[in-house]
Amino acid sequence: MNIHIKNGRLKFTDEKGQEVTFEGSGKPGQEGFKVESNKGSMTFGNAKGEAPPDWVPAYPGAKTVAASREKTEDGFTGTLSLQTGDSAQDVTGYYEKELKAKGFDVNRVAMGVMTNLGAKGDGGKHTVNVTVM
């Protein structure tokens, strides 16, 4: 096994040539940690290079405060935590409208101060869950 460390990147290579890379950054706006191999990748933090798929609506003016993303041979999964000064009602309404416009079936459940939107689109291939507090 070979191990290489350079500029915030740690790379392991096994005897078969398979690589796993761990990369971290503390640069403002790029804070995060990424693990990548030939099977996929996983990112934690505010890593700019791992935007959500284009079928996930972006809330205008919201600030990303935390994120995790995983890409594998089977697809993509992730979480995104956003912060905005807008009301919970405005945020929920935006996502409900945008997801329906993209052809998603949306199920809305209100639980006290929290609302969850569960949405499925593209014949069940795409799933989005939005929790607003």
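Here are the numbers for this structure:
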item: Estimated distance in nm for a label pair at residue 20 and residue 86, the labels positioned 7 Å out from Cα along Cα-to-Cβ; result: 4.0 nm
item: Crossing angle, helix 88-101 versus the chain [Cα axis fit, 0-90 degrees, rounded to tens]; result: 80 degrees
item: Ranking by accessible area, most exposed first, for 133, 114 with a 1.4 Å probe; result: 133, 114
item: Point-to-point label distance, residue 105-residue 38, nm (Cα→Cβ direction, 7 Å offset); result: 4.0 nm
item: Trypsin sites (Lys or Arg not before Pro) within segment 90-133, DSSP loop, no more than 14 other Cβ atoms inside 10 Å; result: 125
item: Largest-first ordering by accessible area, 1.4 Å probe, given options 65, 130; result: 65, 130
item: Distance (nanometres) between label positions extended 7 Å along Cα→Cβ at residue 116 and residue 66; result: 1.7 nm
item: Rg and Dmax [Cα atoms of segment 24-133; Å; Rg one decimal, Dmax integer]; result: 14.8, 44
item: Carbon + sulfur, % of accessible area of the chain - ligands and nucleic acids excluded, 1.4 Å; result: 50 percent
item: Within a Gaussian network of the chain (alpha carbon springs, distance under 10 Å), most fluctuating of 15, 96, 36; result: 15
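The values are calculated or read from the model by the stated rules, or taken from the named source; none is laboratory data. On a predicted model such as this, the values are computed, not experimentally measured, just so you know. Note that we place each Cβ from the backbone using ideal geometry, even for glycine, and neighbour counts take in every protein chain shown. To get the accessible areas, we keep the full protein, side chains included, count just its heavy atoms, and leave off ligands, DNA and RNA. Shrake-Rupley method; radii C 1.70, N 1.55, O 1.52, S 1.80 Å.
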